[in-house]
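K.L.:
Let me give you the structure first, and then I'll get to my questions.
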Amino acid sequence: MRKARAFFWASVCGGAALAGCGDIIGLDGYTEGDGSTTDATANDSGSDASADAGGDACASPAFTCVPSLPTGWAWAAYDPTARPACATGYTTPQDVEEGIDAGAATCGCTCTTTNPTCTSGKITITAGTNGLCNNVTNQTDPADAGCNGVTAFSTTNGDISAVGPAPVDGGCTPTPSESAPAVGYANEGRACAYTESAGGGCANGSVCLPNPAPFTTCVEQLGMHVCPSGFATQHLVGTTITDTRGCTACTCGFDAGSCGGTATLYTNVGCTTGALAVPVDGVCTAAGTHAWKGYSYAATTNASCAASPVAPDGGVAFSDLTTICCN
């Protein structure tokens, strides 16, 4: 992105208003009094600057009659699609862009889940008789992956269920992504300033300026403005952009879920004989007829993260927006 620089050209009107086009660059030797032709010589380029039969003192192709300068505006010449050298009498070429073409950002949001801890609490083991988990034995034991002893209990043609501890901690890490396409422009042109006073000799209150061809005679003002009378074609131009395109915040919703897994019961304290795997989900598992003395717990978790919806926001604008209006 180019460094911002000043863009507005103020109209410089030093001294009194000129009486005729003889005081405009390129009409050396021309004099004008009351609008009639009294004298005319060739301009610096050799073209004929004499008035026409109707008394127009700005009849030479080297000059042009345009509406008078509106208050608050400055003269300019503008070519929206090319960047030729400024015409005679015009200075301070400024390359500008017009019609920003900037697509919205492409946005994405993903989440990384950090599982909670399921081994810092206790599991609940419930046993019953006659094919039922009917609370004949109900005990809580550490949610430990090692071999653990239990208060000895028996099942007689019974069932066992197990419920895991509450999950502890865990969370989500959001990972946003965004990209924005390159900025383009409908037109890339050039403006030139005219800082001299306009001349007279034109009808209907118009004034005489050097012909800016291949540019068009215009007026300009910093900021966005409605075009004044006589200069109806609006161009919104600039040299530097402010790009605020991005995406709305990427966040994650955390669901700690529950601690599940498997509790394996054993018929000896050393956890080597009579293994019975009981899902830690509160559902009864047939346990037969045994005396249970040990267990181990292999925890799992179903924690999850849900990414928030994201959408593009922001935009691109000229930081030195200038309105150029041409006739």
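Taken together, the values in this text are just the output of simple stated rules run on the coordinates, not laboratory data. Because the structure is predicted, anything quoted here is derived from the model rather than measured. Glycine gets a Cβ as well: all are built from the backbone with ideal geometry, and neighbour counts include every protein chain shown.
K.L.:
Identify the residues of region 287-320 with backbone N under 19 Å of a label point that sits 7 angstrom from the Cα of GLN139 along the Cα-to-Cβ direction, or state none.
P.N.:
287-298
K.L.:
Once you compute Rg and the Kirkwood Rh from C-alpha atoms, what is the Rg to Rh ratio for region 145-288? Walk me through the numbers on the way to the answer.
P.N.:
Working: Rg = 41.0 Å, Rh = 25.1 Å.
Rounded to two decimals, Rg over Rh is 1.64.
K.L.:
When only alpha-carbon atoms count, how far does region 216-325 stretch along each of its three principal axes, as whole angstroms with the largest first?
P.N.:
The Cα atoms of region 216-325 stretch 104, 23, 16 Å along their principal axes.
K.L.:
While we're here: Rounded to the nearest Å, what's the spacing between the alpha carbon centres of region 234-268 and region 103-156? Just the number, please.
P.N.:
For region 234-268 versus region 103-156, the Cα centre distance is 28 Å.
K.L.:
Check GLY261: other-chain or 5+ apart residues with amide H under 5 Å from its amide H, H built from backbone geometry?
P.N.:
When sequence neighbours closer than 5 places are left aside, the close amide H contacts are VAL280, THR300.
K.L.:
Just grab the label-to-label distance for ASP101 and ALA182, each label 7 Å out from Cα along the Cβ direction, in nm (one decimal).
P.N.:
According to this spin-label approximation, the distance is 1.2 nm.
K.L.:
Remind me, what semi-axes does region 96-218 give for its equivalent ellipsoid, largest first in whole Å, using sqrt of 5 times each Cα gyration tensor eigenvalue? Walk me through the numbers on the way to the answer.
P.N.:
Details: eigenvalues 1607, 37, 26 Å².
The equivalent ellipsoid of region 96-218 has semi-axes of 90, 14, 11 Å.
K.L.:
Please list, ordered by chain and number, the residues whose modelled amide H lies under 5 Å from the amide H of LYS122; skip anything fewer than 5 residues away on the same chain.
P.N.:
Residues meeting the amide H criterion: ALA143, ALA166.
K.L.:
In terms of modelled amide H atoms, which long-range or inter-chain residues lie less than 5 Å from the amide H of SER197?
P.N.:
Distant-sequence amide H within range of SER197: GLY14.
K.L.:
Sticking with the crude label model, points 7 Å out along Cα→Cβ, report the distance from GLN234 to ALA275 in nm, one decimal please.
P.N.:
Spacing of the two 7 Å Cα→Cβ label points: 8.0 nm.
K.L.:
Compute the FRET efficiency between THR151 and THR251 as 1/(1 + (r/R0)^6), taking r as their Cβ-Cβ distance and R0 = 56 Å, and round to the nearest 0.05.
P.N.:
Working: r = 46 Å, r/R0 = 0.82.
Efficiency, rounded to the nearest 0.05: 0.75.
K.L.:
Here's another thing I want to ask about it. Can you compute the charge dipole magnitude of region 119-211 about its Cα centre, using +1 on each Lys and Arg Cβ and -1 on each Asp and Glu Cβ, nothing else charged? Give it in debye, rounded to the nearest 20. Let's see the in-between values first.
P.N.:
Details: 2 positive and 7 negative charges, 24 e Å.
Around 120 debye, computed over region 119-211.
K.L.:
Here is a follow-up. Tally Lys and Arg at +1 and Asp and Glu at -1 over the other residues with C-beta under 15 Å from the C-beta of PRO212: what net charge comes out?
P.N.:
Details: positive: ARG83, ARG190; negative: ASP79, GLU196, GLU220.
After counting each charged neighbour, the total is -1.
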